[in-house]
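The structure appears below as structure tokens.
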Amino acid sequence: MIVIFGNGVKEFIEADGKFYCPKCKFMQVYNVKTTKNYFQLFFISLIPIRDKSQPFVECQKCKNHWDTSVLKDNNFYLDETPVNS
């Protein structure tokens with residue numbers, strides 16, 4: 001019998017919205033994500049190995065990552081109305 005095991009990363013979407021992407025230079029949809037490492041058996045995530053990572057912002061167009069501070073005064077709902085902080 002062959003047993004396949006290892007570890008892998010799982011991403012979690014914590015929030016979404018729109019922002020002015022520093023790379024795209026346009027209003028784009030973003031996701032705030034965190035990651036967590038898991039022990040995997042037959043490519044199925046079973047046991048968490050570490051705590052969740054710090055949240056980061058990912059542009060859904062260019063797939064670049066930024067710190068969540070990029071959303072300060074640059075955070076909009078999906079209908080492009082500003083989020084009041």
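Brief remarks on what is shown
- Proxy reagent accessibility, fewest Cβ within 10 Å first, across 19, 39: 39, 19
- Charge dipole (the chain, unit charges on Cβ, about Cα centre) - positive-most of 3, 34, 53: 3
- In the range 8-71, the convex hull through the Cα atoms has an average projected area of 4.6 nm², a quarter of its surface area.
- Cα-based reach from residue 52 at 16 Å (exclusive), listing aspartates and glutamates while leaving out same-chain residues under 8 positions away: 11, 14, 67
- About its Cα centre, the chain has a charge dipole of approximately 280 debye under the convention of +1 per Lys or Arg Cβ and -1 per Asp or Glu Cβ, with nothing else charged.
Coordinate-derived values only; no laboratory data. All values reported here derive from a predicted model rather than from experimental measurement. Neighbour counts are summed over all protein chains in view; Cβ atoms, including those assigned to glycine, are modelled from backbone coordinates with ideal geometry.
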